[in-house]
Every structure is written in structure tokens, then in C-alpha cells.
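Engineer: Sharing a structure, written as C-alpha cells. Questions coming.
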Amino acid sequence: MSDQDWFKGALGDIATLEYGAALPATARSGDDFPVFGSNGEVGRHNAALVEGPGIVVGRKGTVGAIAWSPTDFWPIDTTYYVQAPPHIDMRWLYWAMSELGLQHLDSSTGVPGLNRNDAYELPIRVPSLSGQHRVASVLDALENQIRLTETAASKLRSTFVGLLCHLLSRGARSDSGELGSSVMELGHESITLPRRWTIEPISQLLGSVDPAMRSGPFGSALLKHELVASGVPLLGIDNVHVDRFVADFKRFVTPAKAAELSRYRVRPADVMITIMGTVGRSCLVPENIGLALSSKHVWTLTFDGSRYRPYLASMQLNHAPWARAHLRRDEQGGIMSAIRSDTLKTLMLPTPPIDEQIEIETILREAESKISKQEQALKKLRALKAGLADDLLTGRVSVPAEVAS
């Protein structure tokens with residue numbers, strides 16, 4: 001078979017799915033070889049059932065999930081492991097099986113389950129062994145780049161939270177080391193803030209608009225039949241994500257109704273925080289929002305920009321341990337199902353002089369920009385991998401020998 005020739009058949013022509021064996025968590029030694037369940041590695045054991053490297057397929061539970069073990073391993077009884085003849089490159093087979101859609105073959109009515117006979121019938125195209133090597137080499141290289149980028153983005157996100165906490169407790173200036181008299185309580189720890197800083201409740205940092213903190217409209221103020229297909233957007237939890245406003249507008253009212261509900265109008269740089277659904281997400285309203293109203297599913301806060309930067313308030317609501325701990329006061333049974341107005345109003349925020357707040361915001365926005373660039377690069381790499389994997393594994397695109405080498 002030349003490199004350009006492909007065998008067209010079914011998965012069962014080139015591989016078999018073999019049953020794993022039970023290994024209770026209490027029987028695992030905790031070292032040496034990986035133990036795989038249907039959702040990936042679930043532990044370690046001092047003995048292996050299968051010689052690696054190899055492929056594990058979710059049989060019960062997470063149906064059709066594909067995992068790779070670079071070493072000898074133990075697949076438990078909720079999985080299959082894959083066996084294939086010598087003319088099949090196992091790493092290529094891993095990528096090929098990842099694209100087969102095994103997760104859609106759930107054949108059970110109770111616990112999700114994969115029947116291997118259904119999997120055997122899936123069509124597959126197989127290049128020569130050297131062609132398999134080249135395809136696997138390209139996809140492995142791309143996957144490695146994705147993981148490096150994921151690690152870099154994760155480190156930046158982790159560093160960002162530390163930077164936020166440092167800047168809002170120690171300051172951005174060389175003279176911020178001079179401590180003042182304001183003390184911020186953080187659990188069992190007390191933090192003395194820099195000189196000229198104060199600590200203020202949110203209620204004292206809001207603007208002069210009436211109301212500066214609002215949620216609603218409620219009840220008969222806005223009835224379901226008053227919603228229209230287009231007009232003035234009604235903002236809610238779908239628009240408020242962590243540090244990100246999503247302009248995906250789904251509910252609208254007429255301009256006349258918006259005028260009637262003008263007390264709920266949102267303004268550029270307002271802080272919104274969700275109080276239903278996923279409670280506690282916060283973001284800033286963008287400058288180009290135009291005419292829009294808030295809804296009963298969010299709190300909307302208008303800050304006095306001469307006293308406090310809304311950006312810093314929103315960042316603390318999302319990330320600062322003192323803010324998150326304060327909001328958790330409304331938890332019931334470990335679940336935050338709402339945020340009361342008193343809880344939000346009494347949240348204490350470290351308050352540097354406004355010029356230093358601007359410096360802190362500038363530093364944080366620059367750090368956010370670096371994170372955003374990494375996340376955009378990661379998004380592009382994932383999209384490239386998805387498209388390229390399909391092209392390479394179906395033969396629409398071939399890999400020249402010199403590229404893979």
C-alpha cells in the first residue's frame with residue numbers, strides 16, 4: 001500500500017475493544033501504574049493489567065470518552081481497552097477514534113453504556129503505517145502546543161488574582177508600604193491598609209442617581225405579554241459573565257415601556273452582579289451599551305466615579321477573597337441562591353485615593369490584556385486542531401514526509 005492509498009472499512013476491521021477488570025478504590029495501592037475509569041485516570045496501582053502505550057474507551061458512565069496511557073495501565077470494568085495489529089499506529093488510532101463520535105452510541109436505558117458491536121460498525125479510513133505516523137505526529141505537536149498555551153493562560157489567571165489582592169491591600173506605589181489606621185478583616189486575618197487608604201461599604205461609594213443600586217422590575221411592573229421581539233434590551237444573567245459582558249440580547253421592551261421603567265436603566269460602567277442562576281458573577285456594562293434596562297435577575301450598581309472605580313469593584317466581586325467570603329453569608333446549605341441588598345451594601349471595599357485607584361486599574365487591565373491574548377491564541381489553536389484533525393483523518397489533506405520529520 002502506497003502512502004496515498006487508504007483502506008476504507010470499519011473500526012472492527014482494525015481493532016477490538018476488550019473489557020477492563022474491576023479494581024475497587026480500596027484495593028489500589030496509590031503508586032506506579034495509572035488506573036483508568038470511563039472518565040479518565042482515577043488512581044494508581046502497583047500492577048498493570050494491559051501493556052502500554054494504549055487507548056481506553058468509556059463503556060459505562062462517560063460513554064465513548066477516549067483516554068491515552070503512555071505507560072502500562074489498568075482499565076477498570078467500566079471501560080474497554082483497545083487492541084490492534086502491528087500495522088496500526090496506536091497513537092494514530094487514538095486520534096481516529098476521538099473523531100468517530102463514540103459518545104453518541106449510548107445503547108442503554110439506565111446507566112449510559114457503549115455496546116462494542118455498535119462501535120465496530122463505524123466507518124473508518126486507514127492510511128499506510130507511515131501515513132499514520134505522520135498524521136499522529138502533526139496532531140501530537142498541535143496538542144502539545146495547546147497544552148503549553150493552556151498552562152501559560154492558567155498561570156496568568158492565577159497570577160492575576162494574586163496581583164489583584166496585593167494591589168488592593170498593599171498598593172501600587174513605592175510609598176504604599178507606609179501603613180495607616182484602616183484595617184480590613186479577612187476571616188481570621190486582619191490586614192492593615194496603606195496610609196491615606198480607607199475601607200468603605202459599597203453603600204457609601206455609590207453615585208447620586210436614583211436608585212444607584214437596583215434590581216427589577218418585579219410583578220405587574222413588567223408583564224410577560226409586554227416583552228417584544230425587538231426594541232430596548234432587558235439585561236439579565238445571560239449577559240453577565242465573570243469579568244465579561246456578553247451582548248446577546250434575548251428579551252426586549254418597547255421604547256415607551258422603557259421610558260416607564262427608566263429607574264432600571266443601565267449606564268456605561270455600571271457594575272452588574274447575578275442574583276439568580278449562577279449567583280455572584282459580575283461584570284461592567286460596556287461604554288457602547290446604548291439604551292438598555294436591567295432585570296430582576298441581577299443587581300445593577302452605579303458608582304460615584306470620583307470616589308471609586310467600578311472596574312475595581314467588579315473585579316473584587318469576582319475574585320477578591322474578602323468579597324467572596326462576604327457574599328457567602330447568604331449561602332444556604334453551601335449553595336448561594338441569592339444575594340440580599342443588605343449583604344451587597346455592607347460589603348467593605350479597600351479604598352485608596354482615586355489617583356492610586358486609576359494606577360491600580362491600569363496595571364490590572366494590562367494583566368487582563370495578556371490573559372486575553374493567551375486565551376485568543378488558545379481558541380485559535382483548538383479551532384485549528386478540530387479542522388485539521390478532520391482533514392488529516394479523512395485524507396482530504398496529506399502530510400508530506402518532510403513536514404512530519
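Engineer: Just grab the label-to-label distance for residue 245 and residue 196, each label 7 Å out from Cα along the Cβ direction, in nm (one decimal).
Structural biologist: Modelled inter-label distance: 3.1 nm.
Engineer: Tell me, rounded to the nearest percent, the portion of alpha carbon pairs in segment 233-303 spaced more than 15 Å apart. Provide the component values of the computation, followed by the final result.
Structural biologist: Working: 1140 of 2485 pairs.
Looking at segment 233-303, the distances longer than 15 Å represent 46 percent of pairs.
Engineer: Then there is this: Sort 315-323, 300-308 by the packing proxy (mean of other Cβ within 10 Å over each peptide's residues), most packed first. Don't skip to the answer; put the middle values down first.
Structural biologist: Details: 315-323: 21.9, 300-308: 18.6.
Ranking the peptides 315-323, 300-308 by packing returns 315-323, 300-308.
Engineer: Moving on. Which of the peptides 242-248, 325-331 is most tightly packed, and how do the rest follow, going by the mean number of other Cβ atoms within 10 Å of each residue? Write out the running numbers ahead of the final one.
Structural biologist: On the way: 242-248: 13.0, 325-331: 15.7.
Ranked from most to least packed, the peptides come out as 325-331, 242-248.
Engineer: Determine how many Å³ per residue the convex hull of the Cα atoms of segment 327-379 encloses.
Structural biologist: Details: hull volume 7.0 nm³, N = 53.
Dividing the Cα hull volume of segment 327-379 by its residues yields 132 Å³.
Engineer: Can you pull the semi-axes for segment 198-351, root of five times each eigenvalue of the Cα gyration tensor, sorted largest first, whole Å? Mind dumping the intermediate values first?
Structural biologist: Values: eigenvalues 129, 59, 37 Å².
Equivalent ellipsoid semi-axes, largest first: 25, 17, 14 Å.
Engineer: Take the alpha carbon atoms of segment 133-217, find their radius of gyration, then divide it by 2.2 N^0.38 Å using N residues; give the quotient.
Structural biologist: Numbers: Rg = 22.5 Å, N = 85, 2.2 N^0.38 = 11.9 Å.
That works out to 1.89 for segment 133-217.
Engineer: Right, next: Output ³J(HN,Hα) for segment 8-20: one whole-Hz value per residue in order, computed from phi by the Karplus curve 6.51 cos²θ - 1.76 cosθ + 1.60 with θ = phi - 60°, and x for Gly and Pro.
Structural biologist: With the stated coefficients, segment 8-20 comes to 10, x, 10, 4, x, 6, 10, 7, 10, 9, 9, 5, x Hz.
Engineer: By a straight-distance test (C-alpha under 13 Å), which aspartates and glutamates pair with residue 385 as possible cross-link partners, with residues fewer than eight away in the same chain excluded?
Structural biologist: 99, 140, 143
Engineer: Rg and Dmax in Å for segment 296-405, alpha carbons only: what are they?
Structural biologist: 22.9, 67
Engineer: Related question: Treating segment 265-321 as a set of equal point scatterers at the Cα positions, no solvent, please give the Debye-formula log₁₀ I(q)/I(0) at q = 0.13, 0.19, 0.29 Å⁻¹.
Structural biologist: Scattering profile of segment 265-321, log10 relative to I(0): -0.31, -0.65, -1.24.
Engineer: Between residue 87 and residue 189, what is the spin-label point distance in nm, taking each point 7 Å from the Cα along the Cα→C-beta axis?
Structural biologist: Going by the 7 Å Cα→Cβ label model, 6.3 nm.
Engineer: Order of 222-232, 120-130, 33-43, 147-157 by packing, highest average Cβ count within 10 Å first? The partial results should precede the final answer.
Structural biologist: Details: 222-232: 12.5, 120-130: 16.3, 33-43: 20.4, 147-157: 14.5.
Averaged packing, sorted descending, gives the order 33-43, 120-130, 147-157, 222-232.
Engineer: With angles folded into 0 to 90 degrees, how steeply does helix 129-170 sit against the dominant principal axis of the chain? Use alpha carbons for both and round to 10.
Structural biologist: 20 degrees
Engineer: On to the next question. Looking only at 58, 180, 219, which one moves most when the chain is put into a Gaussian network model with springs between Cα atoms under 10 Å?
Structural biologist: Comparing 58, 180, 219 in a Gaussian network model of the chain, the most mobile one is 219.
Engineer: With r as the distance between the Cβ atoms of residue 150 and residue 220 and R0 = 60 Å, compute the FRET efficiency 1/(1 + (r/R0)^6) and round to 0.05. If you can, show how the numbers build up before the last one.
Structural biologist: Values: r = 49 Å, r/R0 = 0.82.
So the FRET efficiency works out to roughly 0.75.
Engineer: Round to the nearest 0.05 the FRET efficiency obtained for residue 72 and residue 13 when R0 = 35 Å and r is the Cβ-Cβ distance.
Structural biologist: On the way: r = 27 Å, r/R0 = 0.76.
So the FRET efficiency works out to roughly 0.85.
Engineer: What angle do you read, to the nearest 10 degrees and between 0 and 90, between the alpha-carbon axis of helix 354-394 and the longest principal axis of the chain?
Structural biologist: Long axis of 354-394 versus the principal axis of the chain: about 20 degrees.
Engineer: Between their Cα atoms, which of 155/380; 224/250; 155/370; 250/380; 8/379 are more than 22 Å away from each other?
Structural biologist: Details: 155/380 19 Å; 224/250 13 Å; 155/370 11 Å; 250/380 28 Å; 8/379 32 Å.
Long pairs (Cα-Cα over 22 Å): 250/380; 8/379.
Engineer: For segment 7-126, what is the largest minus smallest coordinate of the Cα atoms on each principal axis, given in angstrom and ordered from greatest to least?
Structural biologist: Result for segment 7-126: principal-axis Cα extents of 43, 36, 17 Å.
Engineer: Just tell me which lysines come within less than 18 Å, Cα to Cα, of residue 345; anything on the same chain fewer than 8 places away is out.
Structural biologist: By straight Cα distance, residue 345 reaches 296.
Engineer: Find how much the distance from residue 51 to residue 22 grows on full extension, using 0.36 nm per residue of separation minus their present alpha carbon separation; answer in nm with one decimal. Intermediate values should be presented prior to the final figure.
Structural biologist: Values: separation 29, 0.36 × 29 = 10.44 nm, distance 1.68 nm.
Stretched out fully, the residue 51 to residue 22 stretch lengthens by 8.8 nm.
Engineer: Would you calculate the separation in nanometres between label points at residue 229 and residue 304, each defined as 7 Å from the Cα along the Cα-to-beta-carbon direction?
Structural biologist: My value for the distance between the label points is 4.7 nm.
Engineer: Using only Cα atoms, what Kirkwood radius does the chain have, in angstroms?
Structural biologist: Details: mean 1/r = 0.0390 Å⁻¹.
Taking the inverse mean of 1/r over all distinct Cα pairs, the chain comes out at 25.7 Å.
FYI, it's all coordinate maths here, none of it is from the lab. Keep in mind it's a predicted model, so treat the numbers as computed, not measured. Ideal geometry is used to build each Cβ from the backbone, glycine not excepted, and the neighbour counts take in all protein chains shown.
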